[in-house]
Amino acid sequence: MEVPGSSKKMIATQEEMAEAKVPIPYRDQCAHLLIPLNKCRQAEFFLPWKCETERHTYEKCEYELVMERMLQMQKIREREVQSANHSIPLAPKTAGA
């Protein structure tokens, strides 16, 4: 499933995420990594030093999504600044100023 504006594809389906009881705010392009992480956490009784590789891969995926959104927002802001610079000025510039 394609997500508009993102380079990552949705790998986990809605049915898989619902079956794994992934909360709706976490159903993004990294949900396919969150499902095995949550299973590992439950199997290891949520011990913080367990499931480190799963947690690292999930957090790296989330970080990459955030960075991608930040770059997209930066491009949008740059386009807005460029379009604002090409507008007609309200007051004409004088020769001495």
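The values are calculated or read from the model by the stated rules, or taken from the named source; none is laboratory data. Quick caveat, the model's predicted, so the values are computed rather than measured. Using ideal geometry, Cβ is built from the backbone for each residue, glycine included, and neighbour counts are taken over all protein chains shown. Each accessible area value is taken on the protein alone, full model and side chains, heavy atoms only, with ligands, DNA and RNA left out. Shrake-Rupley method; radii C 1.70, N 1.55, O 1.52, S 1.80 Å.
Would you pick out the residues in the range 23-37 that are farther than 17 Å from residue 6 by Cβ and exposed (fewer than 14 other Cβ atoms within 10 Å of the Cβ)?
The answer is 23, 24.
Taking only the range 13-34 into account, find how many residues are aliphatic (A, V, I, L, M), in a helix (DSSP H, G or I) and within 17 Å of the chain's Cα centre (by Cα).
So the answer is 4.
Tally up the residues in the range 38-85 that are open to solvent by less than 70 Å² (accessible area, probe 1.4 Å) and not in a helix (DSSP H, G or I), please.
3
Write out, first by first residue and then by second, each pair whose Cβ atoms fall under 7 Å of each other, whose residues are 6+ apart or on separate chains, and whose first residue, in the range 51-63, is touching a residue at least 12 places away in the same chain (Cβ under 8 Å) while the second is surrounded by fewer than 16 Cβ atoms within 10 Å (Cβ to Cβ) and not in a helix (DSSP H, G or I).
51/44
Looking only at the range 1-35, count how many residues are of a type in the set (S, T, N, Q) and under 18 Å from residue 54 (Cα atoms).
The qualifying residues number 1.
All but one of (1) open to solvent by 100 Å² or more (accessible area, probe 1.4 Å); (2) within 16 Å of the chain's Cα centre (by Cα); (3) on the phi > 0 side of the Ramachandran plot hold for residue 5; which doesn't?
Of (1) open to solvent by 100 Å² or more (accessible area, probe 1.4 Å); (2) within 16 Å of the chain's Cα centre (by Cα); (3) on the phi > 0 side of the Ramachandran plot, only one is false for residue 5: (1).
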